[in-house]
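Notes for the one structure printed next.
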Amino acid sequence: MKILVIDDHGIVREGVRRRLAAFLRDHVRRGLAPLHRALDAELGGAARGLVFRLGEALGSLPAAEVAGQRAALDAADRKALARLGLRFGTETVYLDGLLKPRAAALKALLWSVWRGAPAPAAPRGVAEARDLDISEAAYAAMGYRVLGPRILRVDRVERLAAAMRRLARQGPFGATPALAAQAGCAVDELALVLPALGYRAVLGADGTTFHARPRRAEKSGARKPRRQRTHRPAKAVDETAHPFAKLRDLSFAR
């Protein structure tokens, strides 16, 4: 009669490890579903590259950083990305499905694991006082932008920037309660908040007014001729250099 000896501890430990790994992967996929849908979508080269960069940044990027990729998108790419919830703002490119508090908290945790840093506390509202212990990079990963002493969620930054552009068309403008409400701060804090969006605060006899900073080409008195765009071969995408790549090789201490 043969007796089968089983290493109960090893089998149980491995089973628990696999279950925990699967649970965590599923939890992240559910919590960041809009991003995973975009990453899994069938997209053209330019759109896929843009979505990959959004994956690296956990769902939002400064618009200036992806201006080239944005310009390379064709009409079909833009429609496909719009269906996935991608929004092209003047300040930020972002997935609007990742701006809720629960998604922000999950992104904060994932960012901390990826960076090997303590997990920052996720903001509870769309606008708050900045916590100086939290870096701008961590706030960006959670979908917020630092504006002086305040933070503002990226979709609200777009509304604020649009409101300021409308006011600036008529020339310098003053601090108003309506503008402060858009910025999520007190009226007297606007002089510290708006410069982060490219507006110069000028203190005069009638109070503080805000002036749009001229573009570099306008400072020189003439626009520089546009450079001819050259098409370079797309760089190979390293799928292992992705924040979610760690989940594929997830392991737990034994």
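The values are calculated or read from the model by the stated rules, or taken from the named source; none is laboratory data. Everything numeric in this text was worked out from a predicted model, so none of it was measured. No Cβ is skipped: glycine too gets one built from the backbone with ideal geometry, and neighbour counts run over all protein chains shown.
Tabulated data for the structure shown
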{"read-out": "Total residues in segment 165-212, condition in a strand (DSSP E or B), surrounded by 15 or more Cβ atoms within 10 Å (Cβ to Cβ) and hydrophobic (A, V, I, L, M, F, W, C)", "value": "4"}
{"read-out": "Residue check, Leu95 in contact (Cβ under 8 Å) with a residue 60 or more places away in the chain, in contact with a strand residue (DSSP E or B) (Cβ under 8 Å, 6 or more places away or on another chain) and of a type outside the set (Gly, Ala, Ser)", "value": "yes"}
{"read-out": "Flag if Asp74 is at pLDDT 80 or above and more than 19 Å from the chain's Cα centre (by Cα)", "value": "yes"}
{"read-out": "Filtered residue count, segment 74-92, keeping only those that are in a helix (DSSP H, G or I) and surrounded by 18 or more Cβ atoms within 10 Å (Cβ to Cβ)", "value": "3"}
{"read-out": "All positions within segment 55-73 that are closer than 16 Å to Thr90 by Cα, assigned to a helix (DSSP H, G or I) and not aliphatic (A, V, I, L, M)", "value": "Glu65, Gly68, Gln69, Arg70"}
{"read-out": "Qualifying residue in segment 168-181 (condition: out of contact with any Ser or Thr (no Cβ under 8 Å at 6 or more places or on another chain), among the polar types (S, T, N, Q) and within 25 Å of Gly97 (Cα to Cα))", "value": "no"}
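Yes or no, residue by residue, for (1) among the β-branched types (Val, Ile, Thr); (2) not assigned by TED's automatic domain parsing to the domain that holds Val66:
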position: Leu84; (1), (2): no, no
position: Lys100; (1), (2): no, yes
position: Val113; (1), (2): yes, yes
position: Ala141; (1), (2): no, yes
position: Leu147; (1), (2): no, yes
